[in-house]
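Shown next, in structure tokens, is the structure this report addresses.
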């Protein structure tokens, strides 16, 4: 294997420009895989600028950005690299990259972050040579939605929940282009998805979830980063917390009371936030309203009211889903669940209107396509008729007496000097057009 003569070190002062679709993922990665993915991402982006087939990074850089004091265990590292190659990852689960939604859908569960890797002896030390999945590379090399992730902060974080939360909140703040925000509502289901918590886990217990997946990570982020994060508000059913939203502020910045409730950084109401494949409506309703009977009543009431929607195509579920997510994004909502129930009942998200417009647009496009097809067919028929008429006239010209054709040839030579240099077939065609143009002028 040919290795480069020298390998540039990663600059710790340059943050990673990370595509939001690769922040909002669902995976079973542990802390090391999360950190390692970012380190390789930074290596490809900052050093080689995506141009190479293979990328190289020193083990010393990996060790530095992992924040581990002990010597790297090569078998453990190889296992982590293989997980980055083979793990089933759901990308773009909050659908921020709507432009490339279908491409991310196709990749979710089908490809890892890297497509190959090898640990080898490099110039004076061991290096990792890796390649990126070509499909992933194409999507992330010029991101339209992204956040800057400081890997100097990452290496100080001590659990995957710390890292996931740090990236999630950094992403919201970065995209807002503000110094302080109040985030959207995140349901327990949202947080479980992005933390990758299995259904059968002790972390599904409220006390443990709150300790290890919410309050613990926020404390670590406040300690080690330039963010000041607090739980701004919770939504409860009885004593059970079912949703959170957070205050995120750059340290040293005063919170503007008006700005703190500015949700302009969050997607507008006509955008879908959570993807269908990672989102089961009934599960989310049960998660939020806590009781299956209440969730079922809400669903049944919606099914009765919107019975005209064809749910074979998933329209009822989509309407409920969009109104759930619409509710989570609204500012000044003090009773989230009450507002959400009213939103579903009255379609605040405007799903029916969008569906109607979509169908009208499809019908309009269909009609336009039919008109265009008819015009193309008519043009094709006319072109064929013109060609047939031309061929008929050409044959008629060829059958003229020689002396008459000779007169036409002489006229063409006098009026068009290059006529005599034309190939014979072109002479015949040119002379025939002149002949029939003259006839038409005489008949007018």
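The values are calculated or read from the model by the stated rules, or taken from the named source; none is laboratory data. Not measured: the values here are computed from a predicted model. Because the Cβ atoms are built from the backbone with ideal geometry, glycine has one as well, and the counts that use them run over all protein chains shown.
What are the residues in region 183-202 that are assigned to a loop (DSSP other than H, G, I, E, B), touching a strand residue (DSSP E or B) at 6+ places or on another chain (Cβ under 9 Å) and surrounded by fewer than 22 Cβ atoms within 10 Å (Cβ to Cβ), if any?
Of all residues in region 183-202, those assigned to a loop (DSSP other than H, G, I, E, B) come to 183-185, 196-201.
Still in the running and touching a strand residue (DSSP E or B) at 6+ places or on another chain (Cβ under 9 Å): 183-185, 196.
Scanning region 183-202 gives a single hit, 196.
Can you pull out the helices (runs of 4 or more DSSP H) entirely within region 101-170 that have at least 3 residues that are within 20 Å of the chain's Cα centre (by Cα)? Before you say what the answer is, go through the steps one by one.
Values: elements: 101-107, 134-140, 151-154.
Those helices (runs of 4 or more DSSP H) span 101-107, 134-140.
Among 72, 62, which is surrounded by 14 or more Cβ atoms within 10 Å (Cβ to Cβ), farther than 29 Å from residue 325 by Cβ, modelled with pLDDT under 85 and assigned by TED's automatic domain parsing to the domain that holds residue 8? Break it down into steps so the answer makes sense when it comes.
Working: 62 fails: modelled with pLDDT under 85.
The match here is 72.
What single numbered condition from (1) touching a helix residue (DSSP H, G or I) at 6+ places or on another chain (Cβ under 7 Å); (2) crowded, with 19+ Cβ neighbours inside 10 Å; (3) not assigned by TED's automatic domain parsing to the domain that holds residue 29 fails to hold for residue 167?
Residue 167 satisfies all of (1) touching a helix residue (DSSP H, G or I) at 6+ places or on another chain (Cβ under 7 Å); (2) crowded, with 19+ Cβ neighbours inside 10 Å; (3) not assigned by TED's automatic domain parsing to the domain that holds residue 29 except (1).
Can you work out which of the residues in region 82-96 that are out of contact with any strand residue (DSSP E or B) (no Cβ under 7 Å at 6 or more places or on another chain) and buried (at least 19 other Cβ atoms within 10 Å of the Cβ) is nearest to residue 192 (Cα to Cα)? I'd like the intermediate steps shown before the answer.
Going residue by residue through region 82-96, those that are out of contact with any strand residue (DSSP E or B) (no Cβ under 7 Å at 6 or more places or on another chain) are 82-83, 86-89, 91-92, 94-96.
Keeping just the survivors that are buried (at least 19 other Cβ atoms within 10 Å of the Cβ) gives 83, 89, 91-92, 94-96.
Details: 83: 21, 89: 15, 91: 15, 92: 15, 94: 13, 95: 17, 96: 18 Å.
This residue is 94.
If you go through region 98-110 one residue at a time, do you hit one that is in the same structural domain as residue 37 (by TED's automatic domain parsing) and within 30 Å of residue 234 (Cβ to Cβ)? If you could, list the steps in order and put the result at the bottom.
At the first step, the residues of region 98-110 found to be in the same structural domain as residue 37 (by TED's automatic domain parsing) are 98-110.
From what is left, the residues that are within 30 Å of residue 234 (Cβ to Cβ) are 98.
Yes, the conditions are met somewhere in region 98-110.
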